[in-house]
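The values are calculated or read from the model by the stated rules, or taken from the named source; none is laboratory data. If you're wondering where the values come from, they're calculated on a predicted model, not measured in any experiment. Reconstructed Cβ throughout: ideal geometry from the backbone, glycine too, with neighbour counts over all protein chains shown. The protein model used for the area step is the full one, side chains on, heavy atoms only, and it has no ligands, DNA or RNA in it. Shrake-Rupley method; radii C 1.70, N 1.55, O 1.52, S 1.80 Å.
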Amino acid sequence: MKTFKCITTLALLMPAMLTVAQTAFQTVKGHVTDKVSKTELPGVTITIMNTSPLLGTSSDVDGKFKIAQVPVGRYDIKAAYMGYKEIVLPNVLVTVGKEVDLELEMEEAVSELQEVTVSATKKNETVNDMSTVSARSFNMEEVNRYSGGHGDPSRLVANFAGVSAPNDSRNDIVVRGNSPTGILWRIEGLNIPNPNHFSTMGTTGGPVSALNTNVLKNSDFMTSAFAPEYGNATAGVFDLGFRNGNSDKREYAIQMGMFTGLEAMAEGPINREKGSSYLFAYRYSFTGLAQDMGMKMGTNATPKYQDLSFKINGGASRFGKLSLFGLGGISNIDFLHNKIDSSDIYADPTRDMYFKSRIGLVGLSHFIKVNDKSYFKTVIGATISENSNKQDTINKYQGDVAGAAENLRTSQVNYSFNTSFNSKVNARFNYKAGVIGELMSLNLYDAEVQGNDGWRTLWDSHDNTMLLQAYAQGKYVFSEKLSLTGGLHTQYLTLNGKTAVEPRLAAKYQLTGRHALSFGYGWHEQTQPLSIYFNKQYNADGTYTETNKNLDFLRSQHFVVGYDFLPAADWRIKTEVYYQYLSQIPVTAYASSYASINEGASFAPTKKTDLSGSGSGHNYGVELTLEKFFSKGYYGLFTASLYDSKYKASDNLERNTAFNGKYTLNLLAGKEIKVGKAQRNVITIDTKLTSAGGKYYTPVDLAASQLAQKQVLMGDAYSYSQRYPNYYRWDVKVGYRLNNVKHHFSQSFFIDFQNITNYKNVYAMGYNKKTNQVNTAYQTGFLPNFIYRINF
């Protein structure tokens, strides 16, 4: 009843919103640079398409431009310059509440022609010029537009080919059958272990993203054979950036969302002459409301979280450009024995559990030009990821008196240094070389009460190590049709002296203006989760032995071939075929089914010891993307992935990995309908259909679990032998966007009807101590999620 009262009240406001009829305007401004050298380009012709009369201007000596009095709506913005490829930025949204600030990067042509027209839009390209295969850029409007996305970049990329995330309660992503632990998160050049609330050691996902999409800029996501500058990852790369605040005027935003919480954002100039600015955004959850409206996550516990993101842009000076950025988040959830029901497979009726986590990063970035062709970029910073899990036993015979039972604390602090030299030799050749250093400090502590013997320490590690990386990469354009990128990445772990040298190579051949072939090869290696290196084997005499310290890097070799076809304006068909061979996988020294590539499936750090890197595995598959880019008021996206993921452990038997879903299908579509006398307000309709194969799992040994009064899995013969049912979900999102001319603000309201068919997708099957049986926990049922946003 609360759900429908809320929806009805908000719906009654919409007729009043539709009465605005005045023409609304906004300013479109930006900065134009050479994509490779980052040199400002003066005299670039900027045109806003489909305006009458045609609106446009030219960039000034600093590459800046400004066009005032642009009517609100969606526009394609074209940039043209002699000797450079013409670019078209599609579907730029202009609203009353916020100025449009664009960063345009143009690529110098190698053709003899003075001006080259490229039919493809920027949508086909990546932010990183070196990313040739298995890569795609995305913008924050896409993150917020698609239904069922919760404003989360991870959930957005789950719509792309090769990516699967059939989990309503967490945003861990499976890329081409690889564990989510193989993902590299990079923000402003700073590597971060896990940018999610409720994160745990050794994972890269979580229930709620701490990344605020309102501070992110256009970013890249890569799924295979990524460029040499990206190291210590085997599955994929998120290369994200924080945008600068408005350097001309102060702007504000307030947003409410069931999952993103209550949010406030402020940005504006510090020194207009230097172009310096600030940007701050703060969020506070109210997920209790979500649970009151029917959200289920396999538990009745209520998660709480908050985060702060910021960027201070120092502007231009003779010493270059400095910027300070950061992100901090805290979260907690309590599983109480007297607030569980029979379907809860996580809480224990004899225990109270209190979980807390903190994440954070802070970085300082420096950019300085050497000349018109070259520049240095340096980032220094620190990240922290820590959590604690305290458990109390409940004595039913003494009035529910609580007594300490377990105390688990983990923390990882990284101090990072990343510097690179970038140079554009000429229009055909550019290169980049750099070094990355990460000092990683790990603290692990775990102790539990064992009967009358009192506390026993299971973990007590205070260790550190350093990972040193270096790379060199280049791109050579033979002609407008053929380009080649390649280079080397190397890394060294001081803990055990292990070294990796990783060659990378990619090529793209433009058969015609509409057809292109691509090829990529990548040798990628990754450190094991630090907790594995520092696991201590408990000896009978009370001493500990670190048996995993000499483990080598996990190795993955990627082969990929792609075909890209543009059949018509704003349409794209892309297919890729890939094969990955994994080796040096940690497995047990004795014959068993354990392999570290399944880490990330249980969301808890392993305590395995005496491991050796003799395991192997492979992933292969084919992917298809059919996309209608947003134009003429609508868009569509269909992606299909067929894949297989297998591994061999120390018993030399081939098994499915925990992430072998076999297939993923996504179908998305959306339409915008202009309303009002001035046609400046918009009703939006978006929908998404997803089907994904169920993951393999190891079944519970019920008899052993009942005897031990805790979950016990069946033996190696049953490892990943059973499969959850396939995942299905249909989401529908409707919204209204209003531009208020009189008070000069814009507001948006959306209702996202998630899992509209109320399909019962299985989340997990586990032993339930309360029922003394194996119970099934289901994912989110039908849930109407709301979002309200105002910009002024």
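At a glance:
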| quantity | calculated |
| --- | --- |
| Residue tally, condition in contact with a strand residue (DSSP E or B) (Cβ under 7 Å, 6 or more places away or on another chain) and open to solvent by less than 60 Å² (accessible area, probe 1.4 Å), over segment 451-481 | 15 |
| Subset of segment 646-665 that is within 28 Å of the chain's Cα centre (by Cα) and within 22 Å of LEU611 (Cα to Cα) - its residue that is surrounded by the fewest Cβ atoms within 10 Å (Cβ to Cβ) | LYS646 |
| Yes/no for GLU599 being within 30 Å of SER169 (Cα to Cα), in contact with a helix residue (DSSP H, G or I) (Cβ under 9 Å, 6 or more places away or on another chain) and either among the charged types (D, E, K, R) or free of Cβ contacts under 8 Å to residues at least 40 places away in the same chain (or both) | yes |
| First in segment 496-511 and in a strand (DSSP E or B), second anywhere and open to solvent by 60 Å² or more (accessible area, probe 1.4 Å) and of a type in the set (D, E, K, R), Cβ under 7 Å, 6 or more apart | TYR509/LYS481; GLN510/GLU480; GLN510/LYS481 |
| Flag if THR45 is open to solvent by 60 Å² or more (accessible area, probe 1.4 Å) and either of a type in the set (Val, Ile, Thr) or touching a His at 6+ places or on another chain (Cβ under 8 Å) (or both) | yes |
| Any chance GLY151 is over 23 Å from SER416 (Cβ atoms) and at pLDDT 90 or above | no |
| Set ASP731, ASP716: member being open to solvent by 40 Å² or more (accessible area, probe 1.4 Å) and either among the aromatic types (Phe, Trp, Tyr) or in contact (Cβ under 8 Å) with a residue 60 or more places away in the chain (or both) | ASP716 |
| For TYR492: the one exception among (1) part of a loop (DSSP other than H, G, I, E, B); (2) over 30 Å from PHE160 (Cα atoms); (3) without any contact (Cβ under 8 Å) to a residue 40 or more places away in the chain | (1) |
| Residue list for segment 592-617, filter: buried (at least 19 other Cβ atoms within 10 Å of the Cβ), modelled with pLDDT of 90 or more and more than 21 Å from the chain's Cα centre (by Cα) | SER593, TYR594, ALA595, SER596, LEU611, GLY613, GLY615, SER616, GLY617 |
| Selection count, segment 767-783, where residues are buried (at least 19 other Cβ atoms within 10 Å of the Cβ), within 31 Å of the chain's Cα centre (by Cα) and either outside any loop (DSSP other than H, G, I, E, B) or of a type in the set (A, V, I, L, M) (or both) | 2 |
| Qualifying residues in segment 167-203 (those that are among the hydrophobic types (A, V, I, L, M, F, W, C) and in contact with a helix residue (DSSP H, G or I) (Cβ under 6 Å, 6 or more places away or on another chain)) - the one surrounded by the most Cβ atoms within 10 Å (Cβ to Cβ) | ILE173 |
| Candidates SER317, SER323, SER331, filtered to the one that is modelled with pLDDT of 90 or more, under 30 Å from LYS38 (Cα atoms) and small (Gly, Ala, Ser) | SER323 |
| Count - residues of segment 97-112 that are outside any strand (DSSP E or B) and touching a residue at least 12 places away in the same chain (Cβ under 8 Å) | 7 |
| Strands (runs of 3 or more DSSP E) completely within segment 1-96 that count 3 or more residues being within 23 Å of ALA569 (Cα to Cα) and either at pLDDT 90 or above or not aliphatic (A, V, I, L, M) (or both) | 45-48, 73-80, 87-94 |
| Strands (runs of 3 or more DSSP E) completely within segment 160-259 that count 1 or more residues being within 18 Å of ILE359 (Cβ to Cβ) and either at pLDDT below 95 or not acidic (Asp, Glu) (or both) | 183-187, 190-192, 236-240 |
| Output for segment 698-713, where each listed residue is under 20 Å from ALA591 (Cβ atoms) and either free of Cβ contacts under 8 Å to residues at least 12 places away in the same chain or not in a loop (DSSP other than H, G, I, E, B) (or both) | LEU713 |
| Test: residue in segment 77-88 that is closer than 30 Å to VAL741 by Cα, open to solvent by less than 50 Å² (accessible area, probe 1.4 Å) and touching an Asp or Glu at 6+ places or on another chain (Cβ under 6 Å) | yes |
| Pick from segment 491-519, criterion among the hydrophobic types (A, V, I, L, M, F, W, C) and exposed (fewer than 13 other Cβ atoms within 10 Å of the Cβ), ranking: farthest from GLN469 (Cα to Cα) | LEU511 |
| Spans of strands (runs of 3 or more DSSP E) in segment 520-565 with at least 3 residues surrounded by fewer than 21 Cβ atoms within 10 Å (Cβ to Cβ) and at pLDDT 85 or above | 554-565 |
| Residue, farthest from the chain's Cα centre (by Cα), within segment 423-450, restricted to residues that are crowded, with 16+ Cβ neighbours inside 10 Å and basic (Lys, Arg) | LYS424 |
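Every residue, every condition in (1) of a type in the set (Val, Ile, Thr); (2) farther than 18 Å from GLY600 by Cβ; (3) touching a Gly at 6+ places or on another chain (Cβ under 6 Å), yes or no:
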site: VAL174; (1), (2), (3): yes, no, no
site: ILE192; (1), (2), (3): yes, no, no
site: PRO195; (1), (2), (3): no, no, no
site: GLY231; (1), (2), (3): no, yes, no
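Here is a yes/no grid of residues against (1) charged (D, E, K, R); (2) under 24 Å from ALA717 (Cα atoms); (3) not in a strand (DSSP E or B):
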residue	(1), (2), (3)
TYR579	no, no, no
ILE585	no, yes, no
ALA591	no, yes, yes
GLY600	no, yes, yes
THR606	no, yes, yes
THR609	no, yes, yes
GLY613	no, yes, no
HIS618	no, yes, no
LEU637	no, no, no
